[in-house]
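Quick notes on the structure that follows.
The values are calculated or read from the model by the stated rules, or taken from the named source; none is laboratory data. The model shown is predicted, which means the values in this text are computed figures rather than measured ones. Neighbour counts are summed over all protein chains in view; Cβ atoms, including those assigned to glycine, are modelled from backbone coordinates with ideal geometry.
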Amino acid sequence: MPGVLEGLTVIEFAGIGPGPFACMMLADHGARVIRIERPGRPGRFGDNGNTDILNRNRLVVELDMKDPAAITRVRELVREADAIVEGYRPGVMERLGIGPEVLLADNPRLVYGRMTGWGQDGPMAPLAGHDINYIALSGALHTYGQAGGKPQFPVNAVGDFGGGGMLLAFGVMAAVFSAQRTGKGQVVDAAMTDGAAILSAMTWSFYGNGTWKDERGVNLLDGGTHFYDTYETADGKWISLGSIEPQFYAQLLDKTGLKDDPEFARQMDPSAWGPLKEKVTALILTKTRDEWCAIMDGTDICFAPVLSLAEAPSHPHNAARGTFLTEGGMVMPGPAPRFSGTPAPVPTLASKLLD
């Protein structure tokens, strides 16, 4: 069955990280994504050696962009496309002769998606950077980490993928929707710094209304409380608790045997969080992760074990939903979100060479 984006054609200029992630999302749901690669890059075709999940479901054209004939071919492809995605530094596409002015003249309905760290303008626009730098400048990185400790970056999920690729995928589809109504394409300037900032919108709300201290590990959602944090278990594994609402907190106290301790009635008193966390820490250490699962699974405590990459695919909930799948011998996340009428096709790792 075709995906929800069947009929959409996207030209992708090969890159790493957020651009491929955006195009993976589009391709997962049925878009025809043609990826332009440099010639002779090994291990991309067929199942053998093709292990980049971000590049799944692609058609590939090999073009040497230094060859004028390649530029002509790109312009031919773009004339029939709905969108392009590129992740070069500002000015590179213009120097190649395929910047927005040229390609929008060829195809006025074209959506020109641009993925960068700092954006297309501003004093830092031409500079190199990575996820860690973009989330640092946005203010997001400052909020991640334990009290009194250094900032802890969440691998490259916030800049590259949430604030980068997913933002670009949204921007491209929003602009395609506009082009379908107006007949006019446009440039989508997706910057990871902007994306990391907007992912922190709720934190900025709390900060603005005075309920968030501008320091790490002392707030409601950053590990400052005893009821919203991770805890080590007796076997060296971990569990997560998120018992914010009173009814969920009451279940936590009941299942842990803490309901008779009057100090735990001070749930929302920040001055009590430190001592109460020490008590919860000591208690959780008395049982294994599986023992706590037996106690808390199936309740509204807002509980889950902290699973490793090796463990997550086989958890009963993930298995029931098909959250992960295996393709070409590799375990990978399946397409998301889910569509009731046009479910995503089963992805394939093997790229196909487009004639």
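Summary of values
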| quantity | calculated |
| --- | --- |
| Which numbered condition residue 234 fails, given (1) closer than 28 Å to residue 212 by Cα; (2) assigned to a loop (DSSP other than H, G, I, E, B) | (1) |
| Failed condition for residue 257, given (1) exposed (fewer than 14 other Cβ atoms within 10 Å of the Cβ); (2) under 22 Å from residue 217 (Cβ atoms); (3) out of contact with any Phe, Trp or Tyr (no Cβ under 9 Å at 6 or more places or on another chain) | (2) |
| Unique match (being in contact (Cβ under 8 Å) with a residue 60 or more places away in the chain, within 14 Å of the chain's Cα centre (by Cα), buried (at least 17 other Cβ atoms within 10 Å of the Cβ) and assigned by TED's automatic domain parsing to the domain that holds residue 17) among 113, 164 | 164 |
| Within region 207-261, tally of residues that are aliphatic (A, V, I, L, M) and touching a strand residue (DSSP E or B) at 6+ places or on another chain (Cβ under 9 Å) | 6 |
| One residue from 76, 62, 80 being more than 19 Å from residue 18 (Cα to Cα), out of contact with any helix residue (DSSP H, G or I) (no Cβ under 7 Å at 6 or more places or on another chain), without any contact (Cβ under 8 Å) to a residue 60 or more places away in the chain and of a type in the set (Asp, Glu) | 76 |
| Test set (1) at pLDDT 95 or above; (2) over 22 Å from residue 192 (Cβ atoms); (3) touching a Phe, Trp or Tyr at 6+ places or on another chain (Cβ under 9 Å) - residue 75 fails condition number | (3) |
| Members of region 224-242 that are farther than 14 Å from residue 290 by Cβ, of a type in the set (S, T, N, Q) and in contact with an Asp or Glu (Cβ under 9 Å, 6 or more places away or on another chain) | 240 |
| Pair list, Cβ < 6 Å and 6+ apart or interchain, from region 142-153 residues that are without any contact (Cβ under 8 Å) to a residue 60 or more places away in the chain to residues that are aromatic (Phe, Trp, Tyr) and assigned to a loop (DSSP other than H, G, I, E, B) | 152/144 |
| Region 6-15 - residue that is touching a residue at least 40 places away in the same chain (Cβ under 8 Å) and part of a loop (DSSP other than H, G, I, E, B) and, of those, nearest to residue 77 (Cα to Cα) | 8 |
| Residues of region 78-91 satisfying the condition of being over 12 Å from residue 13 (Cα atoms) and surrounded by 14 or more Cβ atoms within 10 Å (Cβ to Cβ) | 81, 82, 89, 90 |
| Residue within region 21-38 that is modelled with pLDDT under 95 and in the same structural domain as residue 337 (by TED's automatic domain parsing) present | yes |
| Only listed residue being loosely packed, with under 13 Cβ neighbours inside 10 Å and in the same structural domain as residue 51 (by TED's automatic domain parsing), chosen from 298, 334, 341 | 341 |
